[in-house]
Amino acid sequence: MSVAKNIIRADVRALSAYHVPDASGFVKLDAMENPYTLPPELQRQLGERLGAVALNRYPVPSYAGLKAAIREHMGVPGGFDVVLGNGSDELISIVSVACAKPGAKVLAPVPGFVMYAMSAQFAGLEFVGVPLNVDLSLDRDAMLAAVREHRPAITYLAYPNNPTGNLFDLETMLAIIREVGDTGIVVVDEAYQPFAGTSFMPRLPDHPNVIVMRTVSKLGLAGIRLGYMSASAELLAEFDKVRPPYNVNVLTETTAAFVLEHAAVLDAQAVSLCDERARLAAALAEMPGVTVFPSAANFILLRVVQPGLTGSIVFERLLQRKVLVKNVGKMHALLENCLRVTVSTAAENALFLDALKPSLNI
Ligand SMILES: Cc1ncc(COP(=O)(O)O)c(C=O)c1O
């Protein structure tokens, strides 16, 4: 037996590593990145700021300055604090580890963000996925029944949801939060909030069992890896114990604080992406052989519905034309023949549409 076989958990050995395709030379529309960079003058100022950072020192683990800037700019309710993560991926992991009592369970609608199930597995929690309705809305009765049956420690509701792009019905979410009560927490994951026009954040003070989780990744800062979550002081204090003390590095800390001083730039980029989303969705809706799902995020889910064609064939044809989208058709039966495409600049969206037409035999 090899040492890996001797010591690594069987379920870990059975996994395949999270696959990130090489996108060099492609129009990259697979990862919901913001296509815009900072304006050159801000890049220059940021460079100066970063040049002066004390790289020889550990970060100050309270992150007081950055947290204050996040509270101020991101609509965190008065009296509420945040815990920071190395991306919201790390926050999901922190929450999973903190709640991993023997026998504890995690519940989420499926299809949903894959890290909920993966983090649960890594922390030794059982994951229960509840299928969405065919129209990709929450199955209210099934969700409430699953909460009653499994009494999950953690329930995830992505608002808007990935990979479907839709906003779940708020009343249904509130019913789930009520049903969970004080036997679990509900993580409202707002990764795509900048494009949603709505947020659960203002409601946070009414729900002691809710965590609102966000990331700056989709806002244009995916490279710095920064997520934050807000909840009651009691919950945050517990999660903070599990957080590695220096999990946000000084370059990320400084960059995020700098960019928040210029938050209007990111806000304007989000507005422009929402305009592009409307244009892209309208162009897709005109195409024969495609069904477009409504999106409140910076990506659009579409289904190939042309006889003789599958989502996978169209995905491969797009690849041949140097356009990379995400083939989500195998993720879940509800997503059969579906592709997910990031909303990008007008120019990149046009390249995508130009590549899509011949891929659909139009
Ligand atoms: C719903 C949802 N939550 C969280 C994340 C992770 O974001 P981060 O880049 O902050 O780790 C993603 C990334 O795609 C996501 O779709």
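The values are calculated or read from the model by the stated rules, or taken from the named source; none is laboratory data. It should be emphasised that the depicted structure is a prediction, and the values quoted were computed from it without experimental measurement. Please note: Cβ atoms are built from the backbone with ideal geometry, for glycine as well, and neighbour counts cover all protein chains shown. Just the protein is used for accessible areas: all its heavy atoms, side chains included, with ligands, DNA and RNA removed. Shrake-Rupley method; radii C 1.70, N 1.55, O 1.52, S 1.80 Å.
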Pairs, first within 15 Å of Ala263 (Cα to Cα) in region 67-95, second part of a loop (DSSP other than H, G, I, E, B) and more than 16 Å from the ligand (Cβ to nearest atom), C-beta under 8 Å, six or more apart = Ile70/Val76; Arg71/Phe80
ask   = Taking region 17-56 as the search range and keeping residues that are open to solvent by 100 Å² or more (accessible area, probe 1.4 Å) and within 16 Å of the ligand (Cβ to nearest atom), which one is nearest to Thr255 (Cα to Cα)?
value = Val20
task = Determine if region 308-327 includes at least one residue that is on the phi > 0 side of the Ramachandran plot, in contact with a helix residue (DSSP H, G or I) (Cβ under 8 Å, 6 or more places away or on another chain) and open to solvent by 60 Å² or more (accessible area, probe 1.4 Å).
result = yes
note = Scanning region 292-318 residue by residue, those hydrophobic (A, V, I, L, M, F, W, C) and either without any contact (Cβ under 8 Å) to a residue 60 or more places away in the chain or part of a strand (DSSP E or B) (or both) turn out to be Val292, Phe299, Ile300, Leu301, Leu302, Val304, Val305, Leu309, Ile313, Val314, Phe315, Leu318
query = In region 225-238, what residues are in contact with a Ser or Thr (Cβ under 7 Å, 6 or more places away or on another chain) and either hydrophobic (A, V, I, L, M, F, W, C) or away from the ligand (no atom under 11 Å from the Cβ) (or both)?
reply = Leu226
request  = Kindly list the number of the only condition in (1) in contact with a Phe, Trp or Tyr (Cβ under 9 Å, 6 or more places away or on another chain); (2) open to solvent by 70 Å² or more (accessible area, probe 1.4 Å) that fails for Lys5.
outcome  = (1)
note = Of the residues in region 127-163, those that are open to solvent by 30 Å² or more (accessible area, probe 1.4 Å), on the phi < 0 side of the Ramachandran plot and not aromatic (Phe, Trp, Tyr) number 14
note = Expected single match for aliphatic (A, V, I, L, M), at pLDDT 95 or above, out of contact with any His (no Cβ under 7 Å at 6 or more places or on another chain) and away from the ligand (no atom under 16 Å from the Cβ) among Ala69, Ala14 is Ala69
request  = Among the residues of region 101-117, count how many are touching a residue at least 40 places away in the same chain (Cβ under 8 Å) and open to solvent by less than 40 Å² (accessible area, probe 1.4 Å).
outcome  = 9
Filter result for Gly223 (out of contact with any Pro (no Cβ under 8 Å at 6 or more places or on another chain) and farther than 20 Å from Glu72 by Cβ) = yes
task = Test Glu336 against the criterion of being within 18 Å of Asn161 (Cα to Cα) and of a type in the set (Asp, Glu), and give yes or no.
result = yes
message = Could you tell me how many of the residues in region 334-352 are aliphatic (A, V, I, L, M), in contact (Cβ under 8 Å) with a residue 40 or more places away in the chain and not in a strand (DSSP E or B)?
response = 5
ask   = Assuming Ala222 fulfils every condition listed in (1) within 14 Å of the ligand (Cβ to nearest atom); (2) closer than 28 Å to Ala264 by Cβ; (3) out of contact with any Asp or Glu (no Cβ under 7 Å at 6 or more places or on another chain) apart from one, which condition is it?
value = (3)
remark   = Within region 87-120, the residues that are polar (S, T, N, Q) and within 8 Å of the ligand (Cβ to nearest atom) are Ser88
remark   = How many residues of region 173-188 are open to solvent by 10 Å² or more (accessible area, probe 1.4 Å) and within 21 Å of the chain's Cα centre (by Cα)? The answer is 2
ask   = Has region 177-186 got any residue that is closer than 30 Å to Val250 by Cβ and within 16 Å of the ligand (Cβ to nearest atom)?
value = no
query = Across region 193-213, which residue is farthest from Glu253 (Cα to Cα) among those that are within 13 Å of the ligand (Cβ to nearest atom) and either of a type in the set (Gly, Ala, Ser) or open to solvent by 10 Å² or more (accessible area, probe 1.4 Å) (or both)?
reply = Ala196
ask   = What number of residues within region 205-239 are within 22 Å of Pro59 (Cα to Cα) and either within 21 Å of the chain's Cα centre (by Cα) or in a strand (DSSP E or B) (or both)?
value = 16
request  = Please give the helices (runs of 4 or more DSSP H) falling wholly within region 1-82 in which 2 or more residues are under 23 Å from the mean Cα position of the chain (by Cα).
outcome  = 64-73
query = Yes or no: Pro358 modelled with pLDDT under 95 and not hydrophobic (A, V, I, L, M, F, W, C)?
reply = no
